[in-house]
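I have placed the structure first, in the form of structure tokens, so that the comments after it can refer back to it.
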Amino acid sequence: MVITVSSYKILPEKIQEFLEISSELSRASLKENGILRFDLLQNDGDDGRFLLIEAYESESIRKAHLDTPHFVNWRRTVPEMFSQGTTTVYYKPVSPKAEEYKK
């Protein structure tokens, strides 16, 4: 199992556009086989700060996701919306355990 947490800071005038395209990415991604979670979170005190939390059954599924039309479109569109650099950190599940994730 692979879990990624990505952090984004979005320009104030691009927040609504980022919300729309990222929400569509989340919905489309959850229809893919092997994607267990694809959560878009907005900071409660800073509307321009977002997290994407993604859980994949395997690294090969994560890599295949990177070639989907919805991800390619998202990745091509959003960099102009960033007000600063992004970070992505990889995690492994502790609780619930990998086999306890809902499919």
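Read the figures in this text as sums done on the coordinates, not as results from a lab. From a predicted model like this one, the values you see are computed outputs, not experimental measurements. Using ideal geometry, Cβ is built from the backbone for each residue, glycine included, and neighbour counts are taken over all protein chains shown.
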_With the structure loaded, tell me whether Asn73 is of a type outside the set (D, E, K, R), surrounded by fewer than 17 Cβ atoms within 10 Å (Cβ to Cβ) and in contact with a Lys or Arg (Cβ under 6 Å, 6 or more places away or on another chain) or whether it fails that test._
no
*So is Thr68 closer than 19 Å to Ile10 by Cβ and out of contact with any Lys or Arg (no Cβ under 8 Å at 6 or more places or on another chain) or not?*
no
_With the requirement that a residue be out of contact with any strand residue (DSSP E or B) (no Cβ under 6 Å at 6 or more places or on another chain) and hydroxyl-bearing (Ser, Thr, Tyr), what does the stretch 47-62 give you?_
Ser58, Ser60
_Against the definition (in a loop (DSSP other than H, G, I, E, B) and of a type in the set (S, T, N, Q)), how does Ser95 come out, yes or no?_
yes
*State all residues of the stretch 49-84 that are free of Cβ contacts under 8 Å to residues at least 40 places away in the same chain and assigned to a loop (DSSP other than H, G, I, E, B); if no residue qualifies, say none.*
Leu66, Asp67
*With the checklist (1) surrounded by fewer than 16 Cβ atoms within 10 Å (Cβ to Cβ); (2) touching a residue at least 40 places away in the same chain (Cβ under 8 Å); (3) farther than 26 Å from Pro96 by Cα in hand, flag the one item Glu20 doesn't pass.*
(2)
*asked:* Among the residues of the stretch 52-60, are any loosely packed, with under 12 Cβ neighbours inside 10 Å, out of contact with any Phe, Trp or Tyr (no Cβ under 7 Å at 6 or more places or on another chain), closer than 28 Å to Ser95 by Cβ and aliphatic (A, V, I, L, M)?
replied: no
*Kindly establish whether Ile15 is outside any helix (DSSP H, G or I) and of a type in the set (A, V, I, L, M, F, W, C).*
no
*Sort out which residues of the stretch 53-80 are among the aliphatic types (A, V, I, L, M) and in contact with a Leu (Cβ under 6 Å, 6 or more places away or on another chain), and write them in order of number.*
Ala55
